[in-house]
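Structure first, commentary second.
The values are calculated or read from the model by the stated rules, or taken from the named source; none is laboratory data. Keep in mind that this is a model prediction, so the values were computed, not measured. Reconstructed Cβ throughout: ideal geometry from the backbone, glycine too, with neighbour counts over all protein chains shown.
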Amino acid sequence: MPARDCAPLQTPLSYGTWPSTISASAVAERGVGSSATLKELHLDEDCVYWLEPRPQEGGRSVIMRRSASGSICTLTPDGYDVRSRVHDYGGGAYAVRQGTVIFSNNDDQRVYRHEEGRTPTPLTPTVSERDVRFGDLCLTPDAAYALAVRERLQPEAIMHDLVAIPVGHDQQALCVLHEGADFYSSPRISPDGKQLAWITWSHPHLPWDESTLMLATFEGGRLQDPQVITGEPGVSILQPAWSPTGNLYYLSDESGWWNLYQWKDGKGIPVYPKAREIGSVPWVFGLQDYAFLSGDEIVWVVHKDGCERLEHYRLGQESPRTLTPDLTSCFPSSLDVHAGEKLWFIGASFLQPQAITVCNVREASCQRVYTPRHNLDSDTISTPESVVLCEEEELPLHAFVYPPQNPLHCGLPGERPPLLVYAHSGPTSAARPFLRLEIQFWTSRGFVVADVNYRGSTGFGRAFRHALNGAWGFFDVEDCGRMASHMASIGKVDPNRMFIRGRSAGGFTVLRALMTSDIFAGGTSYYGITDLERLQQFSNNLEAHYLEQLVGAYPAERAEYRNRSPLHYPEALQKPVLILQGLKDPLVPPEQAERFVDTLEQHRLPYRFLTLPDEGHGFKRFESVREALDTELAFYRELLALP
């Protein structure tokens with residue numbers, strides 16, 4: 001990487017100054033971040049549906065449809081934004097069956113029925129201040145009812161229950177199916193419409209820590225004989241689903257890894273138990289990491305070594321076969337099967353962006369049928385190396401490391417490039433392994449990017465996922481620093497020009513790294529957390545006890561919350577920081593960032609601060625994404641003393 005000879009058509013220029021065809025506007029047009037931009041694929045008869053963001057339309061999300069002829073259209077009319085706000089993160093924002101489309105509208109959080117060419121019809125009553133929300137939508141086989149998780153924001157408490165919403169043209173009262181648990185997810189109806197399975201969990205747990213699978217008879221919008229069928233202390237149960245022959249399956253991490261189980265003869269039978277992950281951490285609703293070709297044939301997404309690939313497995317078979325060796329990411333809200341042999345999903349690789357993809361399972365051949373425009377030449381794409389650091393008595397540390405790549409430029413002789421470490425959000429999440437225009441924005445300008453799966457990341461089993469418990473702000477910082485130091489020690493980057501960036505929880509990691517380590521020369525915090533105590537007191541209901549896992553019991557460990565909060569020791573921040581904050585952020589209130597910046601100002605510490613008035617938690621608008629990225633680039637160039 002450093003001090004290499006230029007190719008014949010390359011001109012030497014200092015790393016970080018290379019002109020690039022990948023502008024901030026190009027990134028903003030596609031949306032930004034580590035999560036999927038295409039989401040929630042569903043099949044209905046011969047049509048394929050999915051969600052797609054529209055950054056240039058105020059960041060709204062719309063339902064797209066591909067017909068059997070291959071024509072593609074935007075189904076959602078102007079003035080509607082398909083998004084659920086349950087738990088603030090949403091998911092499962094629409095469903096379709098027999099041509100009937102229902103969706104949750106962002107502005108009022110009502111559920112609507114939509115028939116093409118007609119104005120959407122509300123199915124739920126008008127409420128004020130979005131104090132009733134619906135998510136994880138699915139339709140019964142006869143499309144008579146929409147099943148949903150309902151969230152009610154009441155003055156004394158936030159309540160959740162499972163409801164059935166009549167879908168007829170005459171607005172009828174919804175039916176409460178089940179209540180009493182703190183949380184609900186994944187209502188899944190059997191093929192004959194007679195049984196309903198779902199997941200519950202209760203405080204202080206999160207669904208990836210401990211949850212329960214329930215089952216009941218469903219008839220006429222009512223449940224009969226609901227019962228717990230499996231769930232043990234410390235075991236996470238996720239993603240119930242029914243095979244075409246009416247057998248119930250689910251995911252469980254009782255072995256230490258999320259694997260697939262069949263519920264049979266009153267017990268769970270592991271389908272193919274291995275030390276590798278099939279499940280995805282359910283921050284949002286609607287995830288499904290497996291689908292059925294027939295009663296005994298299953299396709300699943302296996303998470304291994306940070307990548308995701310599709311496998312085909314027949315019950316009783318010795319081992320599965322890989323269907324997508326060329327793909328590195330198969331998105332779990334996107335698997336659906338047509339006619340028992342064609343699998344539709346959203347797939348991507350390090351060379352190809354997200355695409356609506358169809359796979360003929362029998363022939364193991366896949367075809368990309370729809371890709372949002374990206375205008376990216378193959379010789380501009382930086383493909384990463386998978387780097388694993390193994391040290392004695394330590395869990396392996398994994399990262400995807402992207403080298404600088406530009407067909408017209410290379411570095412100056414003897415120069416080493418700057419490093420940009422990505423600390424993913426969550427922190428119970430992971431670095432996503434697919435072509436992301438935002439990363440290419442940096443590598444095409446001469447930066448090395450290291451996307452780190454620090455301890456606590458998902459996809460590496462329960463022990464790794466829980467390794468950050470009690471140590472948030474320490475192990476994540478340590479692992480990001482270890483990866484940066486490793487890259488410097490092998491001569492791949494300049495040790496004096498290493499930076500760190502992150503969003504939300506990743507922003508907290510950035511601030512902690514700049515305050516507790518001298519490895520990084522600066523960093524960027526996108527809507528990062530500065531005050532853990534305030535976050536604990538005002539967290540959304542889903543995360544009410546999340547910090548107690550990551551930090552400690554509250555208020556017993558109040559001193560520890562203060563000790564780890566960047567707000568309370570700003571004098572430790574000796575490296576420049578760029579802080580980006582949306583002024584409509586419900587999860588990390590702008591007052592947190594403003595108080596932190598005021599304190600930095602009082603101590604005359606180096607910082608830049610950019611507020612975006614129309615953004616919440618996660619920038620979605622075209623103008624906001626473009627301005628934030630341009631500001632970040634200018635910030636690093638100033639620190640690097642580059643033109």
What is the residue count in the stretch 473-490 for residues that are over 15 Å from Asp451 (Cβ atoms) and buried (at least 24 other Cβ atoms within 10 Å of the Cβ)?
-> 2
Report those helices (runs of 4 or more DSSP H) wholly inside the stretch 405-497 carrying at least 3 residues which are within 26 Å of Ala26 (Cα to Cα) and not hydrophobic (A, V, I, L, M, F, W, C).
-> 437-443
Checking Ser252, Ser236, Ser243 in turn, the sole residue that is surrounded by fewer than 22 Cβ atoms within 10 Å (Cβ to Cβ) and touching a Gly at 6+ places or on another chain (Cβ under 9 Å) turns out to be Ser243
Those residues of the stretch 392-404 that are under 29 Å from the mean Cα position of the chain (by Cα) and part of a loop (DSSP other than H, G, I, E, B) come to a total of 5
Name the single residue, out of those in the stretch 333-350 being in contact with a Phe, Trp or Tyr (Cβ under 9 Å, 6 or more places away or on another chain) and part of a loop (DSSP other than H, G, I, E, B), that is farthest from Glu297 (Cα to Cα).
-> Phe350
Residues in the stretch 257-272 that are surrounded by fewer than 15 Cβ atoms within 10 Å (Cβ to Cβ) and either assigned by TED's automatic domain parsing to the domain that holds Gly461 or part of a loop (DSSP other than H, G, I, E, B) (or both): how many?
-> 2
Could you figure out which of (1) buried (at least 21 other Cβ atoms within 10 Å of the Cβ); (2) part of a strand (DSSP E or B) isn't true of Val388?
-> (1)
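Would you mind finding the one in Glu151, Glu210, Glu232, Glu179 that is acidic (Asp, Glu) and farther than 28 Å from Arg465 by Cα? Write out each step before concluding.
Working: Glu151 fails: farther than 28 Å from Arg465 by Cα; Glu210 fails: farther than 28 Å from Arg465 by Cα; Glu232 fails: farther than 28 Å from Arg465 by Cα.
Checking each option against the conditions leaves just Glu179.
Can we say Ala463 is buried (at least 22 other Cβ atoms within 10 Å of the Cβ) and of a type outside the set (Asp, Glu)? Even if it seems obvious, please write down each step before you answer.
On the way: buried (at least 22 other Cβ atoms within 10 Å of the Cβ): no; of a type outside the set (Asp, Glu): yes.
Answer is no for this residue.
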Within the stretch 559-580, residues being among the polar types (S, T, N, Q) and outside any helix (DSSP H, G or I) number 2
Which of (1) more than 25 Å from Ser365 (Cβ to Cβ); (2) over 24 Å from the mean Cα position of the chain (by Cα); (3) surrounded by fewer than 18 Cβ atoms within 10 Å (Cβ to Cβ) is the odd one out, the single condition Ala275 does not satisfy?
-> (2)
Val493 vs. criteria more than 28 Å from Trp283 (Cα to Cα), buried (at least 24 other Cβ atoms within 10 Å of the Cβ) and not hydroxyl-bearing (Ser, Thr, Tyr) = yes
The number of residues in the stretch 285-324 that are within 20 Å of the chain's Cα centre (by Cα) and in a loop (DSSP other than H, G, I, E, B) is 6
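Look through Ser517, Ser444, Ser504, Ser457 and report the one residue that is polar (S, T, N, Q) and at positive phi.
On the way: Ser517 fails: at positive phi; Ser444 fails: at positive phi; Ser457 fails: at positive phi.
That would be Ser504, the only listed residue that is polar (S, T, N, Q) and at positive phi.
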Given (1) surrounded by 17 or more Cβ atoms within 10 Å (Cβ to Cβ); (2) at pLDDT 95 or above; (3) not in a loop (DSSP other than H, G, I, E, B); (4) not aliphatic (A, V, I, L, M), Pro282 misses just (3)
Considering (1) small (Gly, Ala, Ser); (2) in the same structural domain as Pro586 (by TED's automatic domain parsing); (3) without any contact (Cβ under 8 Å) to a residue 60 or more places away in the chain, say which one Gly117 fails and leave the rest.
-> (2)
Out of (1) crowded, with 17+ Cβ neighbours inside 10 Å; (2) more than 24 Å from Arg626 (Cα to Cα); (3) at pLDDT 95 or above; (4) in the same structural domain as Arg465 (by TED's automatic domain parsing), what's the single condition that is false for Gln549?
-> (4)
Mind listing just one residue for me: the one in the stretch 568-603 that is closer than 18 Å to Phe635 by Cβ and of a type in the set (D, E, K, R) and, of those, surrounded by the most Cβ atoms within 10 Å (Cβ to Cβ)?
-> Lys575
Selected residue [modelled with pLDDT of 95 or more and out of contact with any strand residue (DSSP E or B) (no Cβ under 6 Å at 6 or more places or on another chain)] from Pro226, Pro233, Pro240 = Pro233
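Quick check on my filter: what residues within the stretch 141-190 are aliphatic (A, V, I, L, M), in a loop (DSSP other than H, G, I, E, B) and within 19 Å of Leu542 (Cβ to Cβ)?
Start the filter on the stretch 141-190 by keeping residues that are aliphatic (A, V, I, L, M), which leaves 143-144, 146-149, 153, 157-159, 162-165, 167, 173-174, 176-177, 181, 189.
Add one more test, that the residue is in a loop (DSSP other than H, G, I, E, B), and what stays is 143-144, 157, 167, 173-174, 181.
Correct list: Ala157, Ala181.
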